[in-house]
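The values are calculated or read from the model by the stated rules, or taken from the named source; none is laboratory data. Remember, it's a predicted structure, so these values are computed and weren't measured experimentally. Cβ: placed from backbone, ideal geometry, glycine included. Neighbour counts: every protein chain shown. Areas reflect the complete protein model, heavy atoms only, side chains present, ligands, DNA and RNA absent. Shrake-Rupley method; radii C 1.70, N 1.55, O 1.52, S 1.80 Å.
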Amino acid sequence: MEIERKFLTKELPADLDAYPCLVIEQAYLNTNPTIRIRKQDDTYYLTYKGKGLMAREEYNLPLNKEAYHHLLQKADGNIITKKRYLIPVENPSFSDNYVPFKAPEKLTVELDVFQAPFAPLIIAEVEFPDEEMANAFLPPSWLGEDVTNDTAYHNATLSQKIF
């Protein structure tokens, strides 16, 4: 199960290059249901995602380089490339009425900086162990509008965008 919230950004961290960064290329074989292939640095995956916005089923299966490139030729729509920065949120904040079983010491913002043709789009995602925590999360001040429920910001939707 994947449980995540998505945000636009107000600003980028000044020391962005100090954080770990992954180079991601992904394409969609189908968008309903979502079937995606991804190259993340030198690792390859086939992913199935179920229906839902904040919470949905997700299954990742390993691929090899040859299988990835074979399937890439069958992609439907745009190939998405982005840099993903992994930014820790130390001692995250939650709404006052949230009483976690065990609050996490940190969460991670996965900050996706999209390359052409989607640039200058930047989307931040934060994953959670449960929906209650996701709903209670108070984002850091540098994160902007919550777009979790706006399908326009889903990568599967972006893959179908016409330029």
For this session: Could you tell me whether any residue of region 90-109 is touching a residue at least 60 places away in the same chain (Cβ under 8 Å) and outside any strand (DSSP E or B)?
Result: no
For this session: Could you please give the count of residues in region 94-124 that are crowded, with 18+ Cβ neighbours inside 10 Å and more than 24 Å from Ala27 (Cα to Cα)?
Result: 1
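Looking at Leu71, is it in contact with a strand residue (DSSP E or B) (Cβ under 6 Å, 6 or more places away or on another chain), in a strand (DSSP E or B) and more than 22 Å from Asp17 (Cα to Cα)? Steps first, please.
Numbers: in contact with a strand residue (DSSP E or B) (Cβ under 6 Å, 6 or more places away or on another chain): yes; in a strand (DSSP E or B): no; more than 22 Å from Asp17 (Cα to Cα): yes.
In short, no.
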For this session: State which residue is nearest to Ala55 (Cα to Cα) when the search covers only region 112-163 and only residues that are in contact (Cβ under 8 Å) with a residue 60 or more places away in the chain, of a type in the set (Gly, Ala, Ser) and part of a helix (DSSP H, G or I).
Result: Ala134
Problem set entry | Positions within region 30-44 being touching a strand residue (DSSP E or B) at 6+ places or on another chain (Cβ under 8 Å) and surrounded by 16 or more Cβ atoms within 10 Å (Cβ to Cβ), in sequence order | Thr34, Ile35, Arg36, Ile37, Arg38, Lys39, Tyr44
For this session: Pairs only if they're at least six apart or on different chains, beta carbon under 7 angstrom, first in region 37-56 and more than 25 Å from Asp150 (Cβ to Cβ), second of a type in the set (Lys, Arg) and open to solvent by 30 Å² or more (accessible area, probe 1.4 Å); list them, first residue then second.
Result: Tyr44/Lys65
